[in-house]
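Participant: First the structure, which I've put down as structure tokens, then a few questions once you've had a look.
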Amino acid sequence: MTFLKVRELKKHFKDVKAVNEINFEVKKGEIFGLLGPNGAGKSTTISMISTLVHPDGGDIFYKGESILKNPKPLQKKLGVVPQEIALYPTLTGYENLRFWGNVYGLNGSLLKQRIEEVSKIIGIKDRLKHQIEKYSGGMKRRLNIGAALLHEPELLIMDEPTVGIDPQSRNHILDTVLELNKKGMTIIYTSHYMEEVEYLCSRISIMDQGQIIASGSKGELVEIIKGNKRINLKFDNISDTLLGKIKEISYINNVEIISDEVAITTNNGEAIFKDIINKVSETDSSILSIDVKKPNLEEVFLHLTGKALRD
Amino acid sequence: MLSIIKLRFLRLRDEYLIIVIMTAMALGLTAIFGTSGLSIYRPTVLIINEDSSSYSEMFIEEMERDSTFKFEMSGYDEAAEIVDEGKALTAVLIDSDFGESIDRGDTPNIGILKVTDDRYIFTLERLISSISNRMLTNVRIAEITVGYLENFTDINREKTLMSIYDIAEESWRYRRPITVNREMINVDGNGGYDHLKHTMVGFSIFFSTYTLVFSIGTILSDRQYNTWQRILISPVSKASLLGGSMIASYIIGVFQVGILILGGRYLFNVDWGSSILGVILIAAAFVFTMTCFGLLLSSIVKTYSQLATVTPIVLISTAMLGGCLWPLEIINSRVLLTLANLTPHKWAVEGIKDIAMYGSGFEAAITPTLVLAGMGILFFGIGIKMLRFE
């Protein structure tokens with residue numbers, strides 16, 4: 001029996017198809033990634049799985065049972081780390097954890113013990129007595145995760161848990177996710193940070209404009225762009241003439257400006273350098289650097305949608 | 001549900017200042033306005049005297065001793081016009097045979113020109129009846145005494161009659177010729193308007209509404225903190241979430257109103273009347289209604305800041321209409337009095353005043369309590385319907 005199955009799930013907000021008939025499955029014990037740019041429909045999907053938003057169509061099955069018909073079994077076993085901090089700022093860290101533990105039916109010594117364990121996992125034990133409005137962004141994020149772990153959920157959903165925090169807290173969170181997974185927790189991890197999803201997830205679905213455009217393991221997804229190469233070129237001066245000349249090269253599939261670089265994708269990695277140097281020499285620009293990129297999910301997304309993940 | 005109630009009490013540290021300030025405001029403003037005596041309301045009563053005897057003059061003099069009303073002399077036509085326009089509560093018509101009736105020992109004919117019946121008219125009727133009965137008794141005492149004295153000596157009948165009448169009247173006033181053991185069934189002697197009580201009741205009702213609305217309004221700050229959504233996806237049911245929030249607000253409201261009732265009793269020596277149970281019942285029903293009203297307001301606005309903007313406008317206007325800031329007795333407009341019936345404030349203020357000021361018993365609490373409960377259920381129903389759970 002599949003642990004979690006999403007079938008033909010649909011949600012519209014007025015004329016916007018936020019989620020448009022998507023299908024995927026999550027296996028017990030895996031970290032499943034939902035990757036996509038902002039507005040792709042990841043959070044809406046998560047909201048429907050976590051029973052906050054009712055879908056317009058389709059269904060979600062938890063251990064074979066529809067959560068639309070009976071959400072209680074999932075709610076008891078589900079931990080959600082929302083994208084926004086969802087805590088009471090004027091309460092202390094300890095009071096917040098105690099409240100969220102109460103909400104999931106924990107009381108007395110068991111609750112105390114779980115707060116102890118969770119505060120160790122998230123690494124803020126010594127700050128629990130302080131009001132969380134005095135915490136740094138990274139510490140709030142960690143407590144936000146901690147509040148979802150108290151009742152030892154079977155399924156943990158993490159919606160962009162590392163947005164807007166320092167690298168140290170980010171690394172701590174990523175290590176925590178791996179640790180929890182090692183202990184057997186099933187995790188759905190959504191992010192628009194390709195590196196995080198690549199690092200954590202065993203299987204990934206890529207979303208764009210409310211649809212899943214590709215699914216599989218990282219290796220399977222990179223296979224989609226097999227033979228394609230991504231080359232980033234830095235010039236002293238980027239002009240329309242320069243871009244026009246590069247586009248004249250017949251085996252270049254895509255040309256895009258990403259910050260101060262020109263990114264090209266091609267399926268002919270051997271002869272391309274010679275042709276590029278020839279074409280650039282016909283303009284006023286000079287090449288400063290050439291960087292051949294290893295295929296990754298960013299390339300896959302670019303290949304499938306024609307735009308960068310961070311667009 | 002218990003976890004939600006505990007949370008709300010825990011979060012009181014964000015709001016305790018509102019409760020303290022509103023309670024202090026109610027007590028402070030009662031001290032300022034209630035005891036200043038600057039704006040004591042006394043309805044105007046016109047007197048049309050068609051009698052020329054000294055009895056009618058004594059009758060008028062007696063009436064003017066009563067501080068509940070402001071008496072003014074007037075002609076019949078003028079009085080009819082003024083009463084019809086609502087500029088005076090009523091006019092008392094002393095018939096031309098008033099003095100003769102007293103002399104005969106008959107109850108004198110006294111007419112009352114009125115547009116509506118209210119508790120002031122009732123109080124005035126009791127006052128008139130009390131004075132005329134006393135006059136009749138005094139005359140009877142004087143006649144019996146003079147008759148007795150005439151058997152022994154030669155006296156000036158008229159002069160002696162008046163003299164004995166005065167002695168009898170004085171005895172009523174100071175010497176308490178009759179002693180009655182009584183239980184208090186009425187407050188403040190004649191059960192008239194008491195400005196301090198009105199101020200105490202009005203301000204208590206008015207300022208408690210702020211605490212109640214802002215207390216249930218914390219569900220909006222939950223939304224702002226994203227914890228509302230987080231609770232909704234937990235095993236806590238929507239009923240527990242709302243029920244817990246409402247119970248906590250209700251307890252906070254009852255606690256504050258309780259402090260105000262006790263504050264009135266011990267700081268201002270306010271006598272809450274013969275049915276404290278009735279006063280508590282109305283106060284409890286009002287707290288319920290305003291908690292539901294707070295829920296309704298919270299379901300209409302989107303954020304806590306919007307609630308903070310809208311609430312004073314709504315609460316001040318309903319308090320003005322409902323008679324919290326001034327007595328409804330001074331309002332003549334039928335439109336305003338009809339609108340007042342639509343506010344919970346009116347039912348609470350008038351209900352409590354009926355008991356504490358006008359001497360009614362527990363039965364006076366039943367109608368206001370039922371109306372308040374009905375309003376509360378209506379506000380709750382609409383509030384739930386409009387509240388966003390996604």
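Participant: Residues A:197, A:300: which one is in the same structural domain as residue A:172 (by TED's automatic domain parsing), within 15 Å of residue A:36 (Cα to Cα) and not in a strand (DSSP E or B)? Give the derivation first.
Facilitator: Values: A:300 fails: in the same structural domain as residue A:172 (by TED's automatic domain parsing).
Result of the check over A:197, A:300: A:197.
Participant: Which residues, counting only those in the stretch A:173-191, are crowded, with 21+ Cβ neighbours inside 10 Å and in contact with a helix residue (DSSP H, G or I) (Cβ under 8 Å, 6 or more places away or on another chain)? Spell out the reasoning first.
Facilitator: Here is the first cut: in the stretch A:173-191, the ones crowded, with 21+ Cβ neighbours inside 10 Å are A:173, A:177, A:180, A:186-191.
Answer for the stretch A:173-191, where residues must be crowded, with 21+ Cβ neighbours inside 10 Å and in contact with a helix residue (DSSP H, G or I) (Cβ under 8 Å, 6 or more places away or on another chain): A:173, A:177, A:180, A:187, A:188, A:189, A:190, A:191.
A quick yes/no check of all residues on (1) away from chain B (no Cβ under 13 Å); (2) over 23 Å from residue B:231 (Cβ atoms):
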residue: A:8; (1), (2): yes, yes
residue: A:16; (1), (2): yes, yes
residue: A:45; (1), (2): yes, no
residue: A:50; (1), (2): no, no
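Participant: When the residues of the stretch A:64-91 are narrowed to those that are among the β-branched types (Val, Ile, Thr) and assigned to a loop (DSSP other than H, G, I, E, B), which ends up farthest from the other protein chains (Cβ to nearest Cβ)?
Facilitator: Taking the stretch A:64-91 first, the residues among the β-branched types (Val, Ile, Thr) are A:67, A:80-81, A:85, A:90.
If we keep only those that are assigned to a loop (DSSP other than H, G, I, E, B) as well, we get A:67, A:85, A:90.
Numbers: A:67: 11, A:85: 7, A:90: 5 Å.
The residue in question is A:67.
Participant: Now for a different question. Is it the case that residue B:248 is modelled with pLDDT of 90 or more, closer than 24 Å to residue B:367 by Cβ and assigned by TED's automatic domain parsing to the domain that holds residue B:356? So that I can check it myself, show each step before the final result.
Facilitator: Numbers: modelled with pLDDT of 90 or more: yes; closer than 24 Å to residue B:367 by Cβ: no; assigned by TED's automatic domain parsing to the domain that holds residue B:356: yes.
Spelling it out, it is not the case that residue B:248 is modelled with pLDDT of 90 or more, closer than 24 Å to residue B:367 by Cβ and assigned by TED's automatic domain parsing to the domain that holds residue B:356.
Participant: Among B:124, B:89, B:93, which is surrounded by 13 or more Cβ atoms within 10 Å (Cβ to Cβ), farther than 30 Å from residue B:196 by Cβ and not small (Gly, Ala, Ser)?
Facilitator: Working: B:124 fails: farther than 30 Å from residue B:196 by Cβ; B:89 fails: farther than 30 Å from residue B:196 by Cβ.
Going through B:124, B:89, B:93 in turn, the sole match is B:93.
Participant: Here's a follow-up. Among the residues of the stretch B:1-21, write down those that are within 35 Å of the chain's Cα centre (by Cα) and more than 8 Å from chain A (Cβ to nearest Cβ). Explain how you work it out, then say what you get.
Facilitator: Going residue by residue through the stretch B:1-21, those that are within 35 Å of the chain's Cα centre (by Cα) are B:5, B:8-9, B:12-21.
Within the stretch B:1-21, B:5, B:8, B:9, B:12, B:15, B:16, B:17, B:18, B:19, B:20, B:21 meet the criteria.
Participant: Given (1) touching a helix residue (DSSP H, G or I) at 6+ places or on another chain (Cβ under 6 Å); (2) within 22 Å of residue A:38 (Cα to Cα); (3) among the β-branched types (Val, Ile, Thr), where does residue A:258 come up short, assuming only one miss?
Facilitator: Going through (1) touching a helix residue (DSSP H, G or I) at 6+ places or on another chain (Cβ under 6 Å); (2) within 22 Å of residue A:38 (Cα to Cα); (3) among the β-branched types (Val, Ile, Thr) one by one, residue A:258 breaks only (1).
Participant: The conditions are (1) away from every other protein chain (no Cβ under 14 Å); (2) in contact (Cβ under 8 Å) with a residue 60 or more places away in the chain; (3) under 28 Å from residue A:192 (Cα atoms), and residue A:61 fails exactly one of them. Which is it?
Facilitator: (2) is the only condition that residue A:61 fails.
Yes or no, residue by residue, for (1) surrounded by 19 or more Cβ atoms within 10 Å (Cβ to Cβ); (2) farther than 14 Å from residue B:210 by Cα:
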| position | (1), (2) |
| --- | --- |
| B:281 | yes, yes |
| B:295 | yes, no |
| B:320 | no, yes |
| B:324 | yes, no |
| B:330 | no, yes |
| B:346 | yes, yes |
| B:365 | yes, yes |
| B:380 | yes, yes |
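Participant: If you don't mind, there's one more thing I want to ask. Working only within the stretch A:200-242, note down all residues that are under 24 Å from residue A:16 (Cα atoms) and part of a loop (DSSP other than H, G, I, E, B). Walk me through how you get there before you give the answer.
Facilitator: Of the residues in the stretch A:200-242, the ones under 24 Å from residue A:16 (Cα atoms) are A:205-215.
Matches in the stretch A:200-242: A:209, A:210.
Participant: Name the residue, out of B:71, B:59, that is of a type in the set (Phe, Trp, Tyr), assigned by TED's automatic domain parsing to the domain that holds residue B:136, modelled with pLDDT of 85 or more and over 25 Å from the mean Cα position of the chain (by Cα). It would help to see each step written out before you state the result.
Facilitator: Numbers: B:71 fails: over 25 Å from the mean Cα position of the chain (by Cα).
Criteria check complete, one pass: B:59.
Participant: On to the next question. With (1) closer than 24 Å to residue B:81 by Cβ; (2) free of Cβ contacts under 8 Å to residues at least 12 places away in the same chain; (3) of a type in the set (Ser, Thr, Tyr) as the list, and residue B:130 as the residue in question, which single condition is left unmet?
Facilitator: (1)
Participant: Given (1) without any contact (Cβ under 8 Å) to a residue 40 or more places away in the chain; (2) within 14 Å of residue B:281 (Cα to Cα), identify the lone condition not met by residue B:333.
Facilitator: Checking residue B:333 against (1) without any contact (Cβ under 8 Å) to a residue 40 or more places away in the chain; (2) within 14 Å of residue B:281 (Cα to Cα), the one that fails is (2).
Participant: Follow-up question, since we're still on this one. Can you pull out the residues in the stretch A:214-223 that are buried (at least 16 other Cβ atoms within 10 Å of the Cβ) and more than 19 Å from residue A:30 (Cα to Cα)? Even if it seems obvious, please write down each step before you answer.
Facilitator: Of all residues in the stretch A:214-223, those buried (at least 16 other Cβ atoms within 10 Å of the Cβ) come to A:214-215, A:218, A:221-222.
Scanning the stretch A:214-223 gives a single hit, A:222.
Participant: Select from the stretch A:92-134 the residues that are at the interface with chain B (Cβ under 10 Å from one of its Cβ atoms) and either farther than 19 Å from residue B:7 by Cβ or in contact with a Phe, Trp or Tyr (Cβ under 7 Å, 6 or more places away or on another chain) (or both) and list them in ascending order.
Facilitator: The one that is at the interface with chain B (Cβ under 10 Å from one of its Cβ atoms) and either farther than 19 Å from residue B:7 by Cβ or in contact with a Phe, Trp or Tyr (Cβ under 7 Å, 6 or more places away or on another chain) (or both): A:96.
Participant: Do we have residue A:127 as of a type in the set (Lys, Arg) and modelled with pLDDT of 90 or more here?
Facilitator: Numbers: of a type in the set (Lys, Arg): yes; modelled with pLDDT of 90 or more: no.
The answer is no for residue A:127.
Participant: Looking at (1) surrounded by fewer than 18 Cβ atoms within 10 Å (Cβ to Cβ); (2) in contact (Cβ under 8 Å) with a residue 60 or more places away in the chain; (3) assigned by TED's automatic domain parsing to the domain that holds residue A:182; (4) under 29 Å from residue A:181 (Cβ atoms), find the lone condition where residue A:209 falls short.
Facilitator: Of the numbered conditions (1) surrounded by fewer than 18 Cβ atoms within 10 Å (Cβ to Cβ); (2) in contact (Cβ under 8 Å) with a residue 60 or more places away in the chain; (3) assigned by TED's automatic domain parsing to the domain that holds residue A:182; (4) under 29 Å from residue A:181 (Cβ atoms), the odd one out for residue A:209 is (4).
Participant: Report, by residue number, each residue of the stretch B:316-351 that is closer than 21 Å to residue B:278 by Cα and of a type in the set (Phe, Trp, Tyr).
Facilitator: B:347
The values are calculated or read from the model by the stated rules, or taken from the named source; none is laboratory data. Just so you know, these numbers come straight off a predicted model, no measurement behind them. Cβ coordinates were reconstructed from backbone atoms using ideal geometry, including for glycine residues, and neighbour counts include every protein chain displayed.
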